[in-house]
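The values are calculated or read from the model by the stated rules, or taken from the named source; none is laboratory data. Computed from a predicted structure; not experimentally measured. Because the Cβ atoms are built from the backbone with ideal geometry, glycine has one as well, and the counts that use them run over all protein chains shown. The accessibility values were calculated without ligands, DNA or RNA, using every heavy atom of the protein model including side chains. Shrake-Rupley method; radii C 1.70, N 1.55, O 1.52, S 1.80 Å.
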Amino acid sequence: MNVTKVLDAKGLACPMPIVKTKKAIAEIESGQVLEIHTTDKGAVKDLTAWTESTGHELLKHEDDNGVLKFWVKKG
Amino acid sequence: MANAMTAKEVTKKVFNNEELFVLDVRNESDFNDWKIEGKDFEYLNVPYFDLLDGVEPILDKIPADKELLVVCAKEGSSVMVADMLEEAGREASYLQGGMKTWSEHLEPVKVGDLKDGGEMYQFVRIGKGCLSYMIISNGEAAIVDATRMTEVFTDFAADKNADIKHVFDTHLHADHISGGRKIAEKTGASYWLPPKDAEEVTFEYKRLEDGNEVLIGSTKISIQAVYSPGHTIGSTSFVVDDQYLLSGDILFIDSIGRPDLAGKAGDWAGDLRETLYKRYKELSSELVVLPAHFMIIDELNEDGSVSEKLGTLFAENHGLNIEDEVGFRKLVSENLPPQPNSYQEIRETNMGKISPDEEKQREMEIGPNRCAVR
């Protein structure tokens, strides 16, 4: 996967992972991919719902030893 | 800056039927699954991530003349949104500790006095609907169906200068993690479990069996075990001081227990009917029923306690008034509500088979309890 930008939001509590994601996605172009790392478990449901409500696409997410990784394609 | 409102303060509002406007900023599915319940509470659910650009779009949906509480999972997002509302000229509080704290809050309510001057307390876990009990008499205490917030119980007993002597679970719980074993380990009390529910447990316990009688305090408050299978095969009720019937998850105020959480709805439906329609029928109708759960806020009495006379329940509880056995079996084994979140893992934790850390335990318990059928 071609990742344009990586956002490190590890150790941050809700709402910061989404606040930072929103900022980071504003800095890339439509069709480009943002990779997000977070340790906030609530992010799974919240990022899924957030991408749905904003028209971005959550390509996939995985749990890498406690670090949750997300790949979001800008809509 | 917005003010914090504690879970205790919100509980008071629930007990007193006060009005409150709850702006829940969790995602939609979490809100639909489980929320703060109050008789005169109004709700608006808008996820915090839809409000990052400002709260203007929702201002006209929030009445200006009602107290406003912003709620989220752990607090962080509700602080942010409440501050934004304050900046927009609205007074707003946030729920301290979020739904995580709400789920764990216990409110002790005195149910009544015992004949020798002892007392019966009910611990209302308002966010999850779990009810625990403490019987205190002459410097000794017994606890029934304790939740995992064990310090609330040990501190309360210490406050009352009572030594915890006996800890009971009416059955192996599937909806919440029991604090019984931990309290017993900490205080040296005996931990009692019905052996039929405890076949797979990994720890020592005292066998709680029909007819067991335990005395609390020097003037002998008796706790009499009544075998009452149905919710689980081992489910046991207690008659305390000839006044109270602690019914566990067998009989609730406005509903009855479900027999399916250990996977045996068909087998146990008959036991449940036998318990409710025969064994309970033989008990005094003057006994005050104290269940292990409430399901809806309407089941709370004016002081926040949950109790009703057995005779009244035989007259009014739908689950006790189904003449036809087939109809009864249908009610308790078909169209059941979804099973509690993580109920298998919760059962394994209560058997001592797995030992998840505190954060994991918290996560397993998130959500409403679903032990009843109406």
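Among residues of the range A:1-44 being open to solvent by 60 Å² or more (accessible area, probe 1.4 Å) and assigned to a helix (DSSP H, G or I), the one that is nearest to the other protein chains (Cβ to nearest Cβ) is A:22.
Can you tell me which residues in the range B:5-44 are of a type in the set (A, V, I, L, M) and farther than 22 Å from residue B:63 by Cα? Talk me through it step by step, then tell me what you get.
We begin by selecting, within the range B:5-44, every residue of a type in the set (A, V, I, L, M); these are B:5, B:7, B:10, B:14, B:20, B:22-23, B:25, B:36, B:44.
The answer is B:7, and nothing else.
Considering only the range B:215-231, state which residues are open to solvent by less than 60 Å² (accessible area, probe 1.4 Å) and hydrophobic (A, V, I, L, M, F, W, C). Of everything in the range B:215-231, those that are open to solvent by less than 60 Å² (accessible area, probe 1.4 Å) and hydrophobic (A, V, I, L, M, F, W, C) turn out to be B:216, B:221, B:223, B:225, B:226.
Residue check: residue B:51 meets all listed conditions (1) under 20 Å from residue B:104 (Cβ atoms); (2) out of contact with any Asp or Glu (no Cβ under 9 Å at 6 or more places or on another chain); (3) not charged (D, E, K, R) but one, namely (1). Against the list (1) within 13 Å of chain A (Cβ to nearest Cβ); (2) hydroxyl-bearing (Ser, Thr, Tyr); (3) assigned to a helix (DSSP H, G or I); (4) in contact (Cβ under 8 Å) with a residue 60 or more places away in the chain, the condition residue B:94 fails is (3).
Across the range B:163-183, the number of residues qualifying as open to solvent by 10 Å² or more (accessible area, probe 1.4 Å) and without any contact (Cβ under 8 Å) to a residue 60 or more places away in the chain comes to 5.
Residues checked against (1) touching a Gly at 6+ places or on another chain (Cβ under 6 Å); (2) more than 14 Å from residue B:50 (Cβ to Cβ):
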| residue | (1), (2) |
| --- | --- |
| A:5 | no, yes |
| A:16 | no, yes |
| A:24 | no, yes |
| A:35 | no, yes |
| A:40 | no, yes |
| A:46 | no, no |
| A:51 | no, no |
| A:55 | yes, no |
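Collect the residues in the range B:328-342 that are open to solvent by less than 30 Å² (accessible area, probe 1.4 Å) and either at pLDDT below 80 or basic (Lys, Arg) (or both), keeping them in residue-number order. Give the steps one after another, and end with the answer.
Going through the range B:328-342, the residues open to solvent by less than 30 Å² (accessible area, probe 1.4 Å) turn out to be B:328, B:332, B:340.
Result: B:340, single match.
Among the numbered conditions (1) touching a residue at least 12 places away in the same chain (Cβ under 8 Å); (2) out of contact with any Cys (no Cβ under 7 Å at 6 or more places or on another chain); (3) over 19 Å from residue B:196 (Cα atoms); (4) open to solvent by less than 40 Å² (accessible area, probe 1.4 Å), the only one that residue B:325 does not meet is (4). If the condition is being open to solvent by 20 Å² or more (accessible area, probe 1.4 Å) and touching a helix residue (DSSP H, G or I) at 6+ places or on another chain (Cβ under 9 Å), then the range B:198-214 contributes B:200, B:201, B:203, B:205, B:207, B:209. Residue pairs whose Cβ atoms lie under 8 Å apart, separated by 6 or more positions or on different chains, with the first residue in the range B:281-297 and closer than 18 Å to residue B:113 by Cα and the second of a type in the set (Gly, Ala, Ser) and part of a loop (DSSP other than H, G, I, E, B), are B:288/B:307; B:289/B:307; B:290/B:307. Restricting attention to the range B:343-374 and to residues that are within 14 Å of chain A (Cβ to nearest Cβ), part of a loop (DSSP other than H, G, I, E, B) and free of Cβ contacts under 8 Å to residues at least 40 places away in the same chain, the residue that is most open to solvent (accessible area, probe 1.4 Å) turns out to be B:357. Restricting B:25, B:46 to those that are free of Cβ contacts under 8 Å to residues at least 24 places away in the same chain and farther than 30 Å from residue B:308 by Cβ reduces the list to B:46.
Here's the yes/no breakdown for (1) closer than 18 Å to residue B:294 by Cα; (2) open to solvent by 10 Å² or more (accessible area, probe 1.4 Å):
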position	(1), (2)
B:233	no, yes
B:242	no, yes
B:245	yes, no
B:250	yes, no
B:253	yes, yes
B:258	yes, no
B:267	no, yes
B:272	no, no
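Of all residue pairs spaced 6 or more apart or on separate chains, those with beta-carbon atoms under 9 Å, a first member in the range A:45-66 that is within 13 Å of chain B (Cβ to nearest Cβ) and loosely packed, with under 14 Cβ neighbours inside 10 Å and a second member that is part of a strand (DSSP E or B) and not aromatic (Phe, Trp, Tyr) are A:52/A:58.
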